[in-house]
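What follows is a single structure, written as structure tokens, with notes after it.
The values are calculated or read from the model by the stated rules, or taken from the named source; none is laboratory data. Please read these numbers as outputs of a predicted model, since none were measured by experiment. Cβ atoms come from the backbone with ideal geometry, glycine included; neighbour counts cover every protein chain shown. These area figures cover heavy atoms from the full protein model, side chains too; ligands, DNA and RNA do not enter into them. Shrake-Rupley method; radii C 1.70, N 1.55, O 1.52, S 1.80 Å.
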Amino acid sequence: MIRLRTRKIKFTLALIGLLLLWYALALPKTIFNTPYSTVLYANNGELLGALIADDGQWRFPQTNTNTEKFRTALLFYEDEYFFYHPGFNPLSILRAAWQNIKAGKVISGGSTITMQVIRMSRNKPRTLYEKGIEIILATRLEWRHSKEELFRLYASHAPFGGNVVGVEAAAWRYFARSPDDISWAEAALLAVLPNNPSMVHPGKNRDTLKKKRDKLLNKLWLKGAIDSLTYQLACSEPLPKGPKSLPQYTPHLIQRAVKEKMKGKKGFTTIDFQLQEKVTAILEHARQRFKDNEIYNAAVLVLSVKDGKVLAYVGNVASGKDHGMDVDIITSARSTGSILKPFLYAAMINNGQILPQQLLSDVPLFINGFHPQNFSQGYAGAVPADIALARSLNVPAVGLLRSYHYEKFYNLLKKLGMHTLHYPADHYGLSLILGGAEGTLWDITSMYRNMAYSLHDLSAKKPGPVSYHSGEQRILWDQAENYPLDKGPLWHTANALSIVHRPDESGDWNDVSGKYAWKTGTSFGHRDAWAVGFTPEFCVGVWVGNADGEGRPGLTGLKAAAPVMFEVFDQLPNDKGFTKPTSQLRKLAVCAMSGFRASENCEEVMGREVYWKGLETGHCPFHKKVHLDSTETFQVNSSCESTLNMVHKSWFVLPPVEEYYYAAANTGYKRLPPFRADCLGGEVKKNMAFIYPKKGARIYVPRQLNSQTEEFIVEVAHPIPEKKIYWHLDHIYIGVTKQTHRLALSPEPGTHTLTLIDQDGDVIQNTFKILPPPLK
């Protein structure tokens, strides 16, 4: 008997143990395994947009706040003793049983909020057995979670009619506002909806729904939760007509968030809601202008310089799916045009290779078949470096890159944060500075922002990363120990980019804002128009064009993108300007005409503050001391004139080709007088110079279908175009030119000598080689 009793005890204890183990393990670690919507919020909590969950439901990720009005209304409607019971309420269950027996059908379930959470998570048919399971698991759930957490589980997963799940999604779908901002009438409506969401919701049985809402409002008044005036006003509020569309202020940013592993999550961004609205409106207005020229896409990115936060992100305009409106232009790689030139200008100053206003050559350039041209198709001869940058001249930029070396610039761009250089440096070559590479608006605007940050924050070593995530831990810029460009060159660059009076790409001069540093860019074929500007506080990047790459006439950075940028800057607070990095600047005697360090021959010298490495540049090579006769008409020397009668002057002399173009654009330029005829041994300055081809050039000229060699154009510069030039190829006379000194040649493959003699007897000679066509 004792043994039998012992066995029963052991059996009972084992059974109890198994039941306790089942009780402990019955509740899954995660009770809801449903997919969620991807949701983004602005920095003030406004909803920017959402993507529907994979199961077709508008179900926002679990809320972390308990909306007071909704909680009060729900507790009075569903579970007044929520904060006192252990997961089930015996009195409510008994009352529901009596009501069901009396009615002859199920009209009440007696479930607590905790039991309803279990039911929603299990999604099983409603039976007495299932009710028992819900009671048991509800008590287990109460052990795991606090009452506040349980309420949030309910609020996040309760059905609210149609495909709306959770109070947050419901508040936005029915009332277009956050659940924190709903009225008492709206809170009461949301409280009664989960009771029978498939049969009673704003789109179905509206009279029944209003009666249920008003009955709850009456209970709230009687219980003292609201006063009589609030009760009357709440009852007079109409029901919503149906679900509303959710806001979509940042459709491209939310798609980007999904790609960046934020799918099904709630993201709090750095987006400034009001600025986002304004920028979107600006782009929509611009779209109306652009569409007449069949330009359908545009994007704007606004960054905070101080911390790299994204303040506005408009990835495209609503131009229709046929015109690529779904393409996120901000992350799309596009030809950069001239938008990278400021970084080369800063790098050259940083290396001590140029001074900020040093004259650069702007004449036709031919480099192994590469023939860059300015947008205007004209040449200035020689132009100050800062003006060349402001005017976005291509030829001087290529000359700078040739001096800096494109391999070095390629590596610099990578350090500065350009992530789209997928090919070796040789793939791009010198075209790297003219749009030969592709960049994204995200990278390019970030690079300009980093430039502004490194110039503005004189104590900072490295700019932090650009990000649209709010509260993200800010790691330091990881591309290099220090920003690769000093503040002095950046300050010079910002000054050059702040020049007010500058021409557009077609050569027409315009007065534009000097309140910020800015640069435009236009890609080959008018496919991409860029504009990026910055102040000490903000950086704005704009792209305009067609997502499919179709070019359009008139699509230029200054005419299309810059006006949008100016409008965006008008929405931002004005800045005071950049602080001068005095510790990196030195006072330097600079030639006023050439921008080089002043030589002893420079007549007009200015003291300019320049980056200290600029002291390594050479002295002015253009001013020369010359000796003139008393009339200052001819050069003379001691063989033909007494030194007592000589006039000694400093003369600004450019090389022949530079002089040819410079004199045409600068009427005040004076050419060096010739030597008087009776002077011996005078250094004769060549009047002529080859523009193309250069000496020793190797030229490939393709053959036509009839096997004859195609022609190529030889061009020569002469200071007096009216003078005749007589042309000889391999010592055989081939023609004469006047005014325009160009001649078409079609020599056979081999080495040739071209001799030119002007009517005054000046001679120049050039040897070049025509390469044979490749073998088939």
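Give me the pairs, please: first residue somewhere in the stretch 721-739 and at pLDDT below 85, second residue anywhere and of a type in the set (Lys, Arg) and surrounded by 12 or more Cβ atoms within 10 Å (Cβ to Cβ), beta-carbon distance under 7 Å, and either six or more positions apart or on two chains.
Filtered contacts from the stretch 721-739: Glu722/Lys738.
Are there helices (runs of 4 or more DSSP H) fully within the stretch 402-458 with at least 2 residues that are under 13 Å from Leu344 (Cβ atoms)? List them.
Of the helices (runs of 4 or more DSSP H) lying wholly inside the stretch 402-458, those with at least 2 residues that are under 13 Å from Leu344 (Cβ atoms) span 406-416, 441-456.
Which numbered condition trips up Leu359, out of (1) in contact (Cβ under 8 Å) with a residue 40 or more places away in the chain; (2) more than 30 Å from Ala589 (Cα to Cα); (3) open to solvent by 10 Å² or more (accessible area, probe 1.4 Å)?
The number of the failed condition is (2).
What's the number of the only condition in (1) within 51 Å of the chain's Cα centre (by Cα); (2) open to solvent by 40 Å² or more (accessible area, probe 1.4 Å) that His718 fails to meet?
Among (1) within 51 Å of the chain's Cα centre (by Cα); (2) open to solvent by 40 Å² or more (accessible area, probe 1.4 Å), His718 violates only (2).
Which one of these does Leu365 not meet: (1) in contact (Cβ under 8 Å) with a residue 40 or more places away in the chain; (2) open to solvent by 20 Å² or more (accessible area, probe 1.4 Å); (3) among the hydrophobic types (A, V, I, L, M, F, W, C)?
With (1) in contact (Cβ under 8 Å) with a residue 40 or more places away in the chain; (2) open to solvent by 20 Å² or more (accessible area, probe 1.4 Å); (3) among the hydrophobic types (A, V, I, L, M, F, W, C) applied to Leu365, the lone miss is (1).
So which of Lys244, Lys211, Lys278 ends up being in a helix (DSSP H, G or I), of a type in the set (Lys, Arg) and closer than 22 Å to Phe70 by Cα?
Exactly one residue qualifies, and that residue is Lys211.
Name the residues in the stretch 625-648 that are part of a strand (DSSP E or B) and either under 12 Å from Pro673 (Cα atoms) or touching a residue at least 40 places away in the same chain (Cβ under 8 Å) (or both), would you?
Within the stretch 625-648, Val626, His627, Leu628, Gln635 qualify.
So which residues in the stretch 737-776 are of a type in the set (Lys, Arg), in contact with a Pro (Cβ under 9 Å, 6 or more places away or on another chain) and closer than 17 Å to Trp727 by Cβ, if there are any at all?
Scanning the stretch 737-776 gives a single hit, Lys738.
Could you list, in sequence order, all residues of the stretch 176-198 that are crowded, with 20+ Cβ neighbours inside 10 Å and either at pLDDT 90 or above or not aliphatic (A, V, I, L, M) (or both)?
Pro179, Ile182, Trp184, Ala185, Glu186, Ala187, Ala188, Leu189, Leu190, Ala191, Val192, Pro194
Looking only at the stretch 567-587, filter to residues that are in contact (Cβ under 8 Å) with a residue 40 or more places away in the chain, in a helix (DSSP H, G or I) and over 27 Å from Gly320 (Cβ atoms); which one of those is farthest from the chain's Cα centre (by Cα)?
Among those that are in contact (Cβ under 8 Å) with a residue 40 or more places away in the chain, in a helix (DSSP H, G or I) and over 27 Å from Gly320 (Cβ atoms), it is Gln584.
Can you find a residue that is loosely packed, with under 13 Cβ neighbours inside 10 Å, among the basic types (Lys, Arg) and assigned to a strand (DSSP E or B) anywhere in the stretch 763-770?
Among the residues of the stretch 763-770, not one is loosely packed, with under 13 Cβ neighbours inside 10 Å, among the basic types (Lys, Arg) and assigned to a strand (DSSP E or B), which makes the answer no.
Of Ser156, Ser178, which residue is within 17 Å of Thr30 (Cα to Cα) and in contact with a strand residue (DSSP E or B) (Cβ under 9 Å, 6 or more places away or on another chain)?
Just one listed residue meets the conditions, Ser156.
Among the listed residues Asn666, Asn687, Asn706, identify the single one that is open to solvent by 30 Å² or more (accessible area, probe 1.4 Å) and either at pLDDT 85 or above or in contact with a strand residue (DSSP E or B) (Cβ under 6 Å, 6 or more places away or on another chain) (or both).
One residue alone meets the criteria, Asn666.
Within the stretch 214-236, how many residues are open to solvent by 80 Å² or more (accessible area, probe 1.4 Å), over 14 Å from Glu186 (Cα atoms) and either of a type in the set (A, V, I, L, M) or part of a helix (DSSP H, G or I) (or both)?
Selection size over the stretch 214-236: 3.
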